[in-house]
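Student: Sharing a structure below in structure tokens format, with a few things to ask.
Computed from the coordinates by the stated procedures, all read-outs in this text should not be read as laboratory data. The model shown is predicted, which means the values in this text are computed figures rather than measured ones. Heads up, the Cβs are rebuilt from the backbone with ideal geometry, glycines too, and the neighbour counts pull from every protein chain shown.
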Amino acid sequence: MADGEVVGTAQVHLSTESPEPGQGNINVYVDPAYTRRGVGSLLVRAAEEHLVAHGAVRLFAWVLDEPGNRAFAERHGYRAGRSAHFLRLDLTGTALPPLQDPPPGVELRTGSDFADDPRPLFELEAETTADEPGDMDLELSDYEAWLEQNWRHPLLSLELTTVAVVDGRPAAFSAVRTDGTRYFTSMTGTARAFRGRGLAKLAKNDSLHRARAAGYTEALTGNDTGNGSMIAVNKWLGYEVCATEVRYVRDLA
Ligand SMILES: CC(C)(COP(=O)(O)OP(=O)(O)OC[C@H]1O[C@@H](n2cnc3c(N)ncnc32)[C@H](O)[C@@H]1OP(=O)(O)O)[C@@H](O)C(=O)NCCC(=O)NCCS
């Protein structure tokens, strides 16, 4: 705070999705009007102390791919890892690919259709999250934790989430979070046995069409820069890269 105004934040959490304990995450943001006054360093120090007190042994931080931000991370003892793009789609100006009929045997549902029993979606998300490229091996194994952190996340939109079902089982999905104005894809995934058949495109395009019809004007998403197939899906939908972040890592042990 400066003169009662919030001028920076440090968001911290210990990962519950990594099989390795003690994986901490720090994201520090400082209001551009207040940079170069030591605010970021103070926030990093407070965040690190907090995470170490809770058992962190390795810290990850997303850093905008710009020289000043990268130098800041390196000065604080972090080394660069993989990078990820933010992608943006203007739903007012860009024509989405036309809606396709699902191929025979495939049905499209919404997340709401799984409200009574979301476990099949947990299983699909666990399988696909394990294959997502990244610095941290993610493993969703705790159903109760997934219910708490993902299924009941206050921004999750079950209405806009699309699930492609084959023989009664979810085969692909595109999960959406929204604050009522912006549409953000938190995860798209296709079960291993069903990849390469256009199901991710089908599910995400269906969800975007419903979002546009509901009045959303902007869709956002994030992809590891090495995730060729997901980036291909997003480019096909019309997304464009709008920023790149680098994952920085600091080992404390
Ligand atoms: C990414 C993922 C969702 C794609 O699902 P899918 O159902 O196989 O996707 P689709 O079949 O709809 O489309 C894939 C497209 O990527 C293309 N593609 C596949 N591998 C590619 C690569 N390495 N580089 C570029 N394009 C590639 C395919 O050719 C296809 O395009 P086409 O239809 O023009 O041929 C799936 O691989 C997955 O679940 N991965 C693990 C989870 C993950 O990383 N999710 C994204 C998190 S941000």
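Student: If you line up the long axis of helix 119-129 against the longest principal axis of the chain, both from Cα atoms, how many degrees apart are they, to the nearest 10?
Tutor: So the helix axis and the longest Cα principal axis differ by about 60 degrees.
Student: Let me ask something additional. Can you tell me the dipole magnitude for segment 89-243 around its Cα centre, using point charges on the Cβ only (Lys, Arg +1; Asp, Glu -1), in Debye to the nearest 20?
Tutor: The calculated dipole for segment 89-243 is roughly 640 debye.
Student: Same structure, new question: Could you let me know the centre-to-centre spacing of segment 174-253 and segment 49-72, using Cα atoms, in angstrom?
Tutor: Answer, in whole Å: 24.
Student: If amide hydrogens are placed 1.01 Å from N in the peptide plane, which non-local residues have theirs closer than 5 Å to the one on G81?
Tutor: Those lying under 5 Å, H to H, from G81 are R247, Y248, V249.
Student: Sticking with this structure for a sec: Rounded, prolate or oblate: which fits segment 192-253, taking a ≥ b ≥ c as square roots of the Cα gyration tensor eigenvalues, rounded meaning a/c under 1.5, else prolate when a/b beats b/c?
Tutor: Oblate is the answer for segment 192-253, as a/c is 1.5 or above yet b/c matches or exceeds a/b.
Student: Can you give the helix-only mean residue ellipticity at 222 nm for the chain, where every DSSP H stretch with n ≥ 4 adds -39500 (n - 2.57) and the sum goes over all residues, rounded to the nearest 500 deg cm²/dmol?
Tutor: -7500 deg cm²/dmol
Student: Under the rule a/c < 1.5 gives rounded, and otherwise a/b versus b/c splits prolate from oblate, where does segment 108-253 land using the Cα gyration tensor?
Tutor: rounded
Student: For the chain, set up a GNM with springs between Cα atoms under 10 Å and report which of Y34, Y183, Y78 has the largest fluctuation.
Tutor: The residue that fluctuates most here is Y34.
Student: If you don't mind, there's one more thing I want to ask. Please compute the contact order of segment 89-243 in relative form: average sequence separation of alpha-carbon pairs under 8 Å and at least six residues apart, divided by the residue count, as a percent.
Tutor: 30 percent
Student: Which length gain, in nm to one decimal place, applies between E20 and M1 when the Cα-Cα distance is subtracted from 0.36 nm times their residue separation?
Tutor: 3.4 nm
Student: If you don't mind, there's one more thing I want to ask. Quick check: the angle from helix 199-213's long axis to the longest principal axis of the chain, C-alpha only, nearest 10 degrees?
Tutor: Tilt relative to the chain: about 80 degrees.
Student: Within segment 230-248, whose backbone N sits under 13 Å from a point 7 Å along Cα→Cβ of A80?
Tutor: Residues passing the 13 Å test: 244-248.
Student: Loop-only trypsin sites (Lys or Arg not before Pro) in segment 26-115, please: DSSP not H, G, I, E or B, and at most 15 other Cβ atoms within 10 Å.
Tutor: Taking segment 26-115 and a limit of 15 other Cβ atoms within 10 Å, the loop trypsin sites (Lys or Arg not before Pro) found are R36, R37.
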